[in-house]
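Colleague: Structure provided below as structure tokens; questions to follow.
Just so it is clear, none of the values below were taken in a lab; they were calculated from the coordinates. Only a predicted model underlies this, so the values are computations on that prediction, with no experimental measurement involved. We place every Cβ from the backbone using ideal geometry, glycine too, and count neighbours over all the protein chains shown.
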Amino acid sequence: MIHFSLSRRGLIAVGAAAAAASARAQTKADQEFRYVSGHGGVPLNMVRTGNRNGPQILFLHGFAHSYLAFKRQLQSDLAREFDLVACDHRGHGNSGK
């Protein structure tokens, strides 16, 4: 099981509206896709990109969305300074039910 260390350097949770306002599309950054085990062993899709030494930003989507709601942010200039993490909630996107 692979864990993302979301608490070591701090965590900033960003809603879809606030994140969309800060997005500037750039070239596609290297994205790492992993599954972590949720409650009951349900596989949860996690996407990580950006500066692994920078502060982390966690993107949490709303109902009936997936990590793709943050595609522009994951490919933006934010990746130069921040460690960007997005997930698919249980039953959404590539995560299990």
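Colleague: Beta carbons within 10 angstrom, averaged per residue: use that to sort the peptides 72-80, 46-54, 32-40, highest first.
Modeller: In decreasing order of mean packing, 72-80, 46-54, 32-40 become 72-80, 46-54, 32-40.
Colleague: Okay, next question. Could you work out the local net charge near residue 40, counting Lys and Arg as +1, Asp and Glu as -1, over the other residues with Cβ closer than 12 Å to its Cβ?
Modeller: Taking every Cβ under 12 Å from that of residue 40, the sum is +2.
Colleague: According to a simple spin-label model (label point 7 Å from Cα along Cα-to-Cβ), what is the distance in nm between residue 81 and residue 37?
Modeller: According to this spin-label approximation, the distance is 3.8 nm.
Colleague: Which of rounded, prolate or oblate describes region 44-94 when judged by the alpha-carbon gyration tensor and an a/c cut-off of 1.5?
Modeller: prolate
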